[in-house]
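Structure first, commentary second.
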Amino acid sequence: MADPTELSSEGVGAGIAEVDACSLEIERKYDVIPAVICSMCCLFGIIYCFFGYRCFKAVMFLSGLMFGSVIIFLLCHKEHVLDTQLSVEASAGIGLGIGLLCGLVTMLVRSVGLFMTGLLLGLLLALAALLVTHQFYTPTTVWVPLGALLGTGMLFAVLTLQWQKLFTMISTSVFGAAIMTVCADYFVEMLALATHVYECLRLTPGPPLCWYSWVILGIWPALSLIGVLVQWKLTDDSFSHTEVVISRRQKRVQLMRIREKDAKKRQQAELPAKSAGQTDGHRHFP
């Protein structure tokens, strides 16, 4: 005869297993500082997505700032520096300082900024491809996603240096849409989608995404396409970052030419005065 306690435990276990995790209500507990940071990032994402190419210098600075700050923060926070574990505040301060330097370099040196912009585009596209591929196939080694990220990033960095305007608009639209998608993920499901992407990169198994996570993920390509169309319509042929550089050089050349003409006029005006002085001297002192 079967033990009734075993039956009851099996029944409870089966009932728990049948519960769909997507049907459970999400517990949302928002903190002030992360919510404010997320709102500011959403604003930056809108500027990136729809006005990225028009705000070329600002976008170059922000790209270097965010990329340098995030990388240095993760290195300082995860690794031991001088045999000491830095606090979150110290790691954030070091990351922000080095990020400012990276932002100045990407803003002042145009080729570095374009390389960084193309690198971000390649990393995001590779990340999207890995996320979709992970639903059907999981690599056995972490070098596969790392190689895909680095290879695609370097490829699009070179393409951006070759076709600057087109890939700058695409990169800023995709990056801005990604920022807004992460912000929506935070406010809707407390970064469940971002956590799933991180687990995919680490090749750790996790629960499948719910339907609303896929809806949030669908915001990314939709906003990216809209951003590219809006930027292409706004910029068209009326604005180019290269024309701004050329116009500044032309102004410098025109200013130098004006100064040369003024110097020649002064020399020509001084020559008759000198010759007149010499003739007067010969007259008084024969």
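The values are calculated or read from the model by the stated rules, or taken from the named source; none is laboratory data. Keep in mind the model is a prediction, meaning the values are calculated, not measured. For neighbour counting, all protein chains shown are included, and Cβ atoms are generated from backbone atoms with ideal geometry for every residue, glycine included.
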Can you work out which of the residues in segment 188-228 that are over 18 Å from Leu123 (Cα atoms) and polar (S, T, N, Q) is surrounded by the fewest Cβ atoms within 10 Å (Cβ to Cβ)?
-> Thr204
When segment 83-130 is examined, which residues are found to be touching a His at 6+ places or on another chain (Cβ under 8 Å) and touching a residue at least 24 places away in the same chain (Cβ under 8 Å)?
-> Arg110
Just to be sure, is Leu193 over 18 Å from Tyr48 (Cα atoms), among the aliphatic types (A, V, I, L, M), in contact (Cβ under 8 Å) with a residue 12 or more places away in the chain and in a helix (DSSP H, G or I)?
-> yes
Given the residues Thr140, Thr117, Thr133, which is the only one that is crowded, with 21+ Cβ neighbours inside 10 Å, among the hydroxyl-bearing types (Ser, Thr, Tyr) and either under 15 Å from the mean Cα position of the chain (by Cα) or farther than 20 Å from Leu225 by Cα (or both)?
-> Thr117
Could you tell me whether any residue of segment 219-236 is charged (D, E, K, R) and either at pLDDT 90 or above or within 23 Å of the chain's Cα centre (by Cα) (or both)?
-> yes
Only one of Leu123, Leu104, Leu65, Leu74 is at pLDDT below 85 and not hydroxyl-bearing (Ser, Thr, Tyr), namely Leu74
Working carefully through the options Thr204, Thr160, find the one that is of a type in the set (Ser, Thr, Tyr), under 25 Å from Val144 (Cα atoms) and assigned to a helix (DSSP H, G or I).
-> Thr160
Hits in segment 107-120 - residues which are modelled with pLDDT of 90 or more and of a type in the set (Lys, Arg) | none
Of the conditions (1) modelled with pLDDT under 85; (2) surrounded by 15 or more Cβ atoms within 10 Å (Cβ to Cβ); (3) within 21 Å of Arg202 (Cβ to Cβ), the single one that Leu86 does not satisfy is (3)
Out of (1) out of contact with any His (no Cβ under 8 Å at 6 or more places or on another chain); (2) modelled with pLDDT under 85; (3) β-branched (Val, Ile, Thr), the odd one out for Val36 is which?
-> (2)
Which one is farthest from Gly103 (Cα to Cα) among residues in segment 131-141 that are part of a helix (DSSP H, G or I) and touching a residue at least 60 places away in the same chain (Cβ under 8 Å)?
-> His134
Taking segment 184-201 and keeping only residues that are aromatic (Phe, Trp, Tyr) and farther than 18 Å from Ala148 by Cβ, one is left with Tyr186, Phe187
Test Lys233 against the criterion of being over 20 Å from Arg28 (Cα atoms), of a type in the set (Lys, Arg) and surrounded by 15 or more Cβ atoms within 10 Å (Cβ to Cβ), and give yes or no.
-> no
